[in-house]
Every structure is written in C-alpha cells, then in structure tokens.
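Working notes for the structure below.
The values are calculated or read from the model by the stated rules, or taken from the named source; none is laboratory data. Because the structure is predicted, anything quoted here is derived from the model rather than measured. Cβ sites come from the backbone with ideal geometry, for glycine too, and all protein chains shown count toward neighbours. Note: areas computed on protein heavy atoms with side chains; ligands, DNA, RNA excluded. Shrake-Rupley method; radii C 1.70, N 1.55, O 1.52, S 1.80 Å.
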Amino acid sequence: MPRLHVNIDHVATLRQARLSQEPDPVIAAGICELAGANGITVHLREDRRHIQERDVRILKQTVKTLLNLEMAWTKEMLDFAMDLKPNQICVVPEKREELTTEGGLDVGQYEQSLSEEMGDLQKAGIEVSLFIDPLPDAIECAARAGADFVELHTGSYANARGKNRLNELKRLETAANYAHELGLRVNAGHGLDFDNVLPIAQLPWVEELNIGYAIICRSIYSGLDQAVREMQDRILAAAPPDQE
Ligand code: PXP
C-alpha cells in the first residue's frame, strides 16, 4: 500500500493571495504529519507563486517524516537543493503560464545533464525522482540517467472518463511494471482525489502518492486533519486484508 505525501502548495497559494502570513504552510505540514501523512511535498516554482524559500528552509527543520521538493531542472534550483538537502527531489517541467504542472518531464532533453548531476545529489543523500508521463521512452531515459524513482503522471487518468479512464489505468500499470523491471522505484501523482485514488493505490510497485489540491480543497470544509485522515482511509482500502 503506498504512502501518502501531502502537497501543501495551495496553503501557500491562499497566503500569497493577500501577501500575508496566514495560512502558514509550515503549520499545515505539522497538522498533516499529526494526521498521519508520511511525507510533505512542496514545489518551489521559479515565479514563487505559492511556496517561498522561507517555507522550504523552515520545513527542512520541522518536517519529521520526509520532505520532497518538486523543482525545475535549473542551475538555481540545483544549487538550492544541494544547499538545503531535502530527503527527496522530484524534477518537474515548469512553464510560467501553466496553472499547474501540465505534462511529464521531457527526460530525453535533460538526460545528459541529469546523468552528470545525479551522482552529486545522491551522494548528498538526496533521492532523485523524475516526474514523467507513463511512456516507455521516458522510463528508459530515467533509468539511463540513474534516477532513484519515477513519479508517474496520473493527470490523464484523472481527467479521463469511462473506458478512457480504464485505458489510462492500464497505461499506468504497464509503466509501473516496466519501471520496476528497469530497476526504478515508482511513485505517482497529480489530479488524484477522494474518488479516483483507489485504483492508483492498487497499482503494482507504487510506493508514494503525492496528493495536494483535493486534500487542501476538502480541508476548507472539514479541516486539514480530517481531510488527510480521509485520504489515508481511501488509500488503506487498497491494502490486502492481512496488511490492514
Ligand atoms: N506530483 C507532482 C509532480 C506535481 O507537480 C503535483 C502538483 O504540484 C502533484 C503531484 C500534486 O497534484 P495535485 O495537486 O493535483 O494533487
């Protein structure tokens, strides 16, 4: 059964709407951990639209589970990661005009520099994950570049309906099996919510789910503690009876 990493970016989105100090993602992270989250994920975007450097630096001191930093593959972010040393980074494509991360990383474009920098990151104790579409080429590039994990982009699955959704699920399953075969560890995320998470939690080899928007939205109604617990319950339903 996969572990739940809560992405708290949108706590900071609300704060930045008024350029104020509340709500504070650092406090939100603590509540998520107390509610049973297994990790905290933040995306420090180039345009700093939500999470700020201050947040990540404090989270590095306060998060007790695991801190996963999503970042673009730029010199600025690499230097930041090497300085901060989060437990894990997830390399994502980033476009200024997008509302959220749209597609997976074009690993081929970065394969050489990923291969060159990967060793230093890993020697510094940082696990490296690449956020990719569930495609064989991307998985092969990630394996050649020496990544620890791939995070499979579940956005197309989340947006699809009916038979298309089943096809997307099949694509994710094939990708998870292939990544495992090539020695990669597997995470998944994007667009997951209370209704669509179960089949993803049941996929083979998936270790961590990164879920943000749905949990933060639900927290407006029910509180963050309850929202995290509810998502954990949905994921728990994926466990075979003897593992519950
Ligand atoms: N995984 C990655 C790599 C992401 O970029 C995001 C969005 O920041 C998520 C997971 C979480 O997506 P959502 O907010 O839709 O749950």
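Checking each residue of the stretch 191-199 against the condition of being surrounded by 13 or more Cβ atoms within 10 Å (Cβ to Cβ) and of a type in the set (S, T, N, Q) gives at least one match. Within the stretch 78-136, the set of residues being open to solvent by less than 70 Å² (accessible area, probe 1.4 Å) and free of Cβ contacts under 8 Å to residues at least 12 places away in the same chain comprises GLU98 only.
Whenever a residue of the stretch 203-221 is of a type outside the set (Lys, Arg) and within 7 Å of the ligand (Cβ to nearest atom), its partners that are in a helix (DSSP H, G or I) and at pLDDT 95 or above, lying with C-beta atoms within less than 8 angstrom and at least six residues away or across chains, give the pairs ILE211/VAL197; ILE211/MET231; GLY212/ASP9; GLY212/HIS10; TYR213/HIS10; ALA214/MET231.
Here VAL42 meets each of (1) in contact with a Pro (Cβ under 8 Å, 6 or more places away or on another chain); (2) exposed (fewer than 13 other Cβ atoms within 10 Å of the Cβ) with one exception, condition (2). I need the full set of residues from the stretch 52-77 which are polar (S, T, N, Q), under 26 Å from GLU111 (Cα atoms) and surrounded by 13 or more Cβ atoms within 10 Å (Cβ to Cβ), in order please. Within the stretch 52-77, just ASN68 meets the criteria.
Report, by residue number, each residue of the stretch 16-57 that is more than 19 Å from the chain's Cα centre (by Cα) and either of a type in the set (A, V, I, L, M, F, W, C) or farther than 20 Å from PHE80 by Cα (or both). If the condition is that a residue be more than 19 Å from the chain's Cα centre (by Cα) and either of a type in the set (A, V, I, L, M, F, W, C) or farther than 20 Å from PHE80 by Cα (or both), then GLN16, ALA17, ARG18, LEU19, SER20, GLN21, GLU22, PRO23, ASP24, ILE27, LEU34 are the ones that fit.
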